[in-house]
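I have placed the structure first, in the form of structure tokens, so that the comments after it can refer back to it.
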Amino acid sequence: MAVAGAACVAALAALTAAPAEAGPHRSPHWELTDTGAPDARFRGLAAVDRRTAWAAGSGGTVLRTTDGGATWRDVSPPGAGALQFRDIEAFDARRAVALTIGEGEDSRVYRTEDGGATWAESFRNTDPRAFYDCLAFFDRRHGLAVSDPVDGRFRVLSTSDGGRSWRVLPDRGMPAAQDGEAAFAAGGQCLVTAGPRDAWIATGGAARARVLHTADRGLTWKASDAPVPAGDPARGVFALAFRDRAHGLAVGGDYRPDQASPRSAARSADGGRGWTPAARPPAAYRSGVAWLPHDRASALAVGPTGTDLTTDGGRTWRTVDTGSYDTVDCAPDRSCWAAGERGRVARLER
């Protein structure tokens, strides 16, 4: 395991933006695939393994590959063309759950059990005050979805049957939201899980950026401040990643391209109770982050201006690619995928 993990880190450290004509001996790099969807922006991504991945994005678009990105199949739910998919969670090549965002009935959850050949709408929001941002699963049955605050508290949905049905959890265990506080539907990572019961919500848009943690599948939550840019609707924590229930990474900043994000990353070693700013953070706003599988210190962060790598648990980051991506995900077989604007979906080649 250690040898394989070290090889993966070495491969990622060698990421380059070299042109395609560099030939067959290129260093390991993000390899763009031809999705056939240049008008879609993919903010939802689920890496199953080296061959299988799902991407979900604008225009109601959902794509699936089972051959490593050589070909992509359009498996978009019928009638969803006016909706914006921002998150997708896949259990394998056939089963996936996808979330669309927006006020009122634009927030929906779809589920497929046949590789996207058919979809069932398993939840449609009927509260005009709610706006769902992200979803995440603990296992194949239990999962959560989070909405921006309603009546002063974040609203959480729960499923115990793999996304077939959902119920709104009581909010008495949820801390009061700050004025203007919300979650960012930027890359499907404003809600993440680790293990059978722990989940975290990333927030921004208020005076302080925060991370909310539950250890009981969403019934009760505790909030901690995160040392990333805040104090503006465009600033906060945009994405989280926990490699276990203790060690987490937070990335974000200010998503406006003309604004600097000098403190765009932080790390936690106590389950999100406390956060330490990165000594050398990514150079710009980042909207996605993922730990490398079977590695205790390495992770990737992505955003519109590039990809950054840490090999010391989030203390320092360095830019290793300048391509635009909104989200990143890695699978247990050590494969990594990234997705973003203009139909971009890439797989790490090495």
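The values are calculated or read from the model by the stated rules, or taken from the named source; none is laboratory data. Source: prediction; values computed, not measured. Every residue, glycine among them, receives a Cβ derived from its backbone with ideal geometry; neighbour counts consider all protein chains shown.
Listed residues 237, 251; which is more than 17 Å from residue 309 (Cα to Cα) and assigned to a strand (DSSP E or B)?
The conditions single out 237.
Out of all the residues in the stretch 209-220, is one or more acidic (Asp, Glu) and outside any strand (DSSP E or B)?
Within the stretch 209-220, one or more residues are acidic (Asp, Glu) and outside any strand (DSSP E or B).
From the list 308, 321, pick out the single residue that is touching a residue at least 60 places away in the same chain (Cβ under 8 Å), of a type in the set (Asp, Glu), out of contact with any Lys or Arg (no Cβ under 6 Å at 6 or more places or on another chain) and on the phi < 0 side of the Ramachandran plot.
Only one candidate qualifies: 321.
Can you pull out every residue in the stretch 132-174 that is under 21 Å from residue 240 (Cα atoms) and among the aliphatic types (A, V, I, L, M)?
Within the stretch 132-174, 135, 136, 144, 145, 146, 156, 157, 174 meet the criteria.
Residue 102 - would you say it is under 28 Å from residue 218 (Cβ atoms) and either out of contact with any Pro (no Cβ under 8 Å at 6 or more places or on another chain) or not polar (S, T, N, Q) (or both)?
Spelling it out, residue 102 is indeed under 28 Å from residue 218 (Cβ atoms) and either out of contact with any Pro (no Cβ under 8 Å at 6 or more places or on another chain) or not polar (S, T, N, Q) (or both).
Surrounded by fewer than 20 Cβ atoms within 10 Å (Cβ to Cβ) and modelled with pLDDT of 95 or more: is that true of residue 63 in this structure?
No; evaluated as a whole, the condition is false for this residue.
Please enumerate the residues belonging to the stretch 245-276 that are in contact (Cβ under 8 Å) with a residue 60 or more places away in the chain and surrounded by fewer than 19 Cβ atoms within 10 Å (Cβ to Cβ).
273
What are the pairs, 6+ residues apart or on separate chains, where a residue within the stretch 128-148 that is surrounded by 24 or more Cβ atoms within 10 Å (Cβ to Cβ) and part of a loop (DSSP other than H, G, I, E, B) has its Cβ under 8 Å from a residue that is of a type in the set (A, V, I, L, M, F, W, C) and modelled with pLDDT under 95?
Listed pairs, sorted by first residue: none to list.
So, residue 163, is that one crowded, with 22+ Cβ neighbours inside 10 Å, on the phi > 0 side of the Ramachandran plot and either part of a strand (DSSP E or B) or among the acidic types (Asp, Glu) (or both) or not?
Answer is no for this residue.
Out of the residues in the stretch 321-350 that are small (Gly, Ala, Ser), under 14 Å from the mean Cα position of the chain (by Cα) and in a loop (DSSP other than H, G, I, E, B), state the one that is farthest from residue 263 (Cα to Cα).
Here the answer is 331.
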